[in-house]
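K.L.:
One structure follows; several queries about it will come next.
The values are calculated or read from the model by the stated rules, or taken from the named source; none is laboratory data. Because the structure is a prediction, the values reported are computed rather than measured. Quick reminder, even Gly has a Cβ in these numbers, built from the backbone with ideal geometry, and neighbours come from all protein chains shown.
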Amino acid sequence: MKEILERYLPSNAVEPVSELIKLNGVHLKIVNERVTRHGDYRRMPDGTQQITINANLNKYRFLITSIHEIAHLVAFEKYGRAIKPHGEEWKHCFRSLMLPFIRPEIFPNSLLPVIARHFKNPKASSDTDANLSIALKSFDPENGKSYVFEIPPGSLFKIYNGKIFKKGARKVKRYECLEVETGRIYLFQPNAEVHLLKV
């Protein structure tokens, strides 16, 4: 297990994550990229606990995602299956499991304050915390995409499924964007990655 984790995690996180996996009897599966999620936790019909994590994540996002999913397992075991998946019980477990990792031997100094802020009240996904998402994406390889917040109003852009949108006004935290084909309005997080179309 450690040999596999060494490929995906910061080196000082390998041992403690490996221990958490062993301690909780987790079957870890590293899978091809899924656009809609970084990872998930599932209790299998035979009672085994399975966590899947996308192989394409950078090592810091891989670590946060691993602990996020282990926190689901720990919260369900501790508080029962009736709790909300991302409710207070899960937040408490996620924070306490993550705390030992929030240090300069594991995360770069530029990420530490952003991570510390996030864990005061962790979100259901690191992507819904725009500051954390952008900070983590700075460690990804260049992919030629733009963030919705940085493209000019009125620009056309394409998303992963090929649909084309026109950027509209910002409404509180998100942007109203018009789907060109249907005329329907969709809300986009400012840190959504899109392909800007040259018109």
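K.L.:
Within the group Lys167, Lys91, Lys163, which residue is surrounded by fewer than 16 Cβ atoms within 10 Å (Cβ to Cβ) and basic (Lys, Arg)?
P.N.:
Values: Lys167 fails: surrounded by fewer than 16 Cβ atoms within 10 Å (Cβ to Cβ); Lys91 fails: surrounded by fewer than 16 Cβ atoms within 10 Å (Cβ to Cβ).
One residue alone meets the criteria, Lys163.
K.L.:
Can you tell me which residue is surrounded by the most Cβ atoms within 10 Å (Cβ to Cβ) among those in the range 125-141 that are modelled with pLDDT of 85 or more and over 20 Å from Asp40 (Cβ atoms)?
P.N.:
Among those residues, the one meeting the criterion is Ala135.
K.L.:
If we only count helices (runs of 4 or more DSSP H) wholly inside the range 36-145, which ones have 1 or more residues that are under 22 Å from Glu193 (Cβ atoms)?
P.N.:
59-79, 112-118, 130-137
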